[in-house]
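Please treat every number below as a calculation from the coordinates, not as lab data. Keep in mind the model is a prediction, meaning the values are calculated, not measured. A quick note on method: Cβ atoms are made from the backbone with ideal geometry, for glycine too, and the neighbour counts reach across all protein chains shown.
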Amino acid sequence: MTILFAPSEGKRPGGDLPPIDRSAFCFRHLYDRRREAIERYAAFVATADTDALGRLFGIKSAHAIERYRTDLFQSPTMKAVERYDGVAYTYLKYADLPAQAQRYVDDHLLIFSNLFGPIRAKDRLPDYKLKQGEHIGSFAPEKFYREHFSDALTDELSSSGPIVDLRAGFYEKFYTVPLPHITMKFLKNGRSVSHWAKAYRGILLKEMARCAVMDEEQLMALQIENLSVVEIRQIGIRREILYEIAP
């Protein structure tokens, strides 16, 4: 079982793990490619003016911008799943999970970082900022990772069991799954929702971790408060589960 997940714009500061190196990431044989992307980011941050950095980071406060003028290769790190603190991660409540459920997240969650590319939940990340969809000068991270990591991702996923894709649609630009997989759509009063979709992705991941879900039968057996399956669609190789959120 592999669960594909989006990162979040929000990050927790600090960290007490060593700086990044080859051992910090999965797909270690591709570390030099990943480092290339990080170095492009680092060079841009070191030379860009405040306005350009504001656009890159997606923030306006000059004081907030200074937080991210750091050397990522010297900065302390923490687990990726602990670094991110957006809506989905807030509802996941990783820190409150029992140890066995945390190990499930560590081993089965694959996050698509805007800067670092595909990473495991347990991979080490420094504090950083890169607005979704923003290019680093002329460098487009989504195109770079799609070109250099897709084959390795497909090899990994083809031997890791069922695939559940909980990413937002933007992250298909980094990698389009060419294998049979499951997606979820969250509805309220029959209409798609954004904020609550993020929340329920986190809740769903939490329950998958707590129950150590490893196949579709176990996934469909999950009982999640205020969430009910209203339809299952087969669209080519993609199996889409539609959930209705109770009013």
- request: Work out from phi, with θ = phi - 60° and the Karplus expression 6.51 cos²θ - 1.76 cosθ + 1.60, the ³J(HN,Hα) of each residue of the range 112-120, listed in order in whole Hz, and give x for Gly and Pro.
  value: 9, 6, 4, 9, 8, x, x, 9, 7
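Kindly state, to the nearest 0.05, the FRET efficiency for residue 168 paired with residue 73, given R0 = 35 Å and r defined as their beta-carbon distance.
On the way: r = 29 Å, r/R0 = 0.82.
E between residue 168 and residue 73, to the nearest 0.05, is 0.75.
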task: Would you pull out the residues with amide H under 5 Å of residue 9's amide H, same chain only if 5 or more places away, H placed 1.01 Å from N?
output: none
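For 106, 155, what ranking results if the residue with the fewest other Cβ atoms within 10 Å of its Cβ goes first?
155, 106
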- line: Neighbour-count ranking for 183, 154 (other C-beta within 10 angstrom, fewest to most) reads 154, 183
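Taking R0 as 35 Å, what FRET efficiency do you get between residue 225 and residue 179 from their Cβ-Cβ distance, rounded to the nearest 0.05? Can you show the working numbers first?
Details: r = 31 Å, r/R0 = 0.89.
The pair residue 225/residue 179 has a calculated efficiency of 0.65.
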message: Taking 28 Å as the cut-off for C-alpha to C-alpha distance, list the pairs among 93/129; 185/206; 79/198; 129/188; 131/185; 93/131 that go past it.
response: 129/188
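Suppose a student asked you for the relative contact order of the chain, using Cα pairs under 8 Å spaced at least 6 residues apart; what percent would you report? Each step should come with its number before you reach the end.
Working: 415 pairs, mean separation 64.4, N = 247.
Normalised by residue count, the contact order of the chain is 26 percent.
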- prompt: Taking only C-alpha pairs under 8 Å that are 6+ residues apart, what is the relative contact order of the range 39-102 in percent?
  reply: 20
- request: Could you tell me how many degrees, from 0 to 90 and to the nearest 10, lie between the Cα long axis of helix 141-157 and the main elongation axis, the longest principal axis, of the Cα atoms of the chain?
  value: 50
field: Additional length obtainable on full extension of the chain from residue 100 to residue 139, 0.36 nm per residue less Cα span
entry: 10.1 nm
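Expressed in nm to one decimal, what extension gain is obtained for the pair residue 64 and residue 154 from 0.36 nm per residue of sequence separation less their Cα-Cα distance?
On the way: separation 90, 0.36 × 90 = 32.40 nm, distance 3.80 nm.
That pair, residue 64 and residue 154, stretches by 28.6 nm at full extension.
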task: Can you tell me the 0 to 90 degree angle between the C-alpha axis of helix 99-108 and the longest principal axis of the chain, rounded to 10?
output: 70
- prompt: By how many degrees, 0 to 90 and rounded to 10, does the Cα axis of helix 195-211 deviate from the longest principal axis of the chain?
  reply: 70
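Using 0.36 nm per residue of separation minus the Cα-Cα distance, give me the extension gain between residue 47 and residue 22 in nm, one decimal.
Values: separation 25, 0.36 × 25 = 9.00 nm, distance 2.56 nm.
Separation in residues times 0.36 nm, less the Cα-Cα distance, equals 6.4 nm.
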- request: Residues in the range 207-226, backbone N under 17 Å from the label point at residue 188 (7 Å along the Cα-to-beta-carbon vector): list them, ranges by number please.
  value: 225-226
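Give me the percent of DSSP beta bridges within the range 2-245 that run antiparallel, rounded to the nearest 5.
Working: 20 of 35 bridges.
Taking every DSSP beta bridge within the range 2-245, about 55 percent pair in antiparallel fashion.
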